[in-house]
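The values are calculated or read from the model by the stated rules, or taken from the named source; none is laboratory data. Keep in mind it's a predicted model, so treat the numbers as computed, not measured. FYI the Cβ positions are ideal-geometry reconstructions off the backbone, even for glycines, and counts take in every protein chain you see. Just so you know, the surface numbers come from the protein's heavy atoms only, side chains and all, with ligands and any DNA or RNA stripped out. Shrake-Rupley method; radii C 1.70, N 1.55, O 1.52, S 1.80 Å.
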Amino acid sequence: LARDQRVIAPDMPGFGESSKPVRPLHAPYYARWLAAFLDKIGVERAHLIGNSMGGRVAIETALRTPDRVDRLVLLAPSMAWKNFRQLVPTARLLRPEMAVLPIPIPRIQVVTTLKLLFANPQRMAQTWIDAAADEFLHVFGSPQGRIAFFSAARQIYVEDASGRRGFWDRLPGLTRPALFIWGAQDWLVPQAFARHVVDRVPHATSVILGSCGHVPQYEAPDRVENLTREFLAK
């Protein structure tokens, strides 16, 4: 997209080389951070493209500050769990700060887990998988990085699904044009979420890609680029 668009790809707080704040890393916090980030770089209004938690942050930003958002491209965005919420009370009790203690993870386990994100990991160059594993271990190697990782993962699971602050009851308030792209073989954000999105945001566009896992921009880059360009050009 950078061939003909101004593209900005920041590391959000808690990830990559950005700072690792010891605080709840949930969607509302990131939405406020993103608005401040846009102010800092002088961008009044932008298209937001996000994968997984990045997609959830894009949705939250559009719900809270729709005037800052033009269009949304949401690649397997993380959603509040509608089922399997039995462990939410336990998860709320587990503090991310416990991760200040070292947690040894064998590199082979990281590589194996990364490959599970793809319907067909053989499509990915091994050097890409190795680089992703090295990046994860680099960030996860620091206490602040571990705390941030578990804080973000915990918030995804414990987020309210219904009620005044519930994700699914707020989602119909998404007024900005949105393109949802799902992977048919995604086990982290199953394509079953697509029908719930269609029910609550009927004006959104929803596309399911066959033979695709959780990161469609890597497994189906040409298809995702074409869908994105067509949608942003409308």
Self-check item: Any helices (runs of 4 or more DSSP H) falling wholly within segment 30-120 and containing at least 3 residues that are open to solvent by less than 10 Å² (accessible area, probe 1.4 Å)
Solution: 53-64
Quiz item: Looking at segment 175-195, which of its residues are closer than 16 Å to residue 55 by Cα and either part of a helix (DSSP H, G or I) or among the aliphatic types (A, V, I, L, M) (or both)?
Solution: 178, 179, 181, 188, 189, 193, 194
Quiz item: Does segment 198-208 contain at least one residue that is in contact (Cβ under 8 Å) with a residue 60 or more places away in the chain and within 17 Å of the chain's Cα centre (by Cα)?
Solution: no
Quiz item: Looking at (1) among the hydrophobic types (A, V, I, L, M, F, W, C); (2) open to solvent by less than 70 Å² (accessible area, probe 1.4 Å); (3) at pLDDT below 95; (4) part of a helix (DSSP H, G or I), can you tell me which one residue 149 breaks?
Solution: (2)
Quiz prompt | Pairs, first touching a residue at least 60 places away in the same chain (Cβ under 8 Å) and farther than 13 Å from residue 97 by Cα in segment 11-28, second open to solvent by 30 Å² or more (accessible area, probe 1.4 Å) and of a type in the set (Asp, Glu), C-beta under 9 Å, six or more apart | solution = 16/135; 26/159; 27/159
Quiz item: How many residues does segment 35-56 hold that are closer than 17 Å to residue 193 by Cα and free of Cβ contacts under 8 Å to residues at least 60 places away in the same chain?
Solution: 3
Practice problem: State the number of residues belonging to segment 163-195 that are touching a helix residue (DSSP H, G or I) at 6+ places or on another chain (Cβ under 7 Å) and open to solvent by 10 Å² or more (accessible area, probe 1.4 Å). | Solution: 6
Quiz item: Within segment 12-26, is there a residue that is farther than 16 Å from residue 136 by Cα, charged (D, E, K, R), surrounded by fewer than 19 Cβ atoms within 10 Å (Cβ to Cβ) and modelled with pLDDT under 95?
Solution: yes
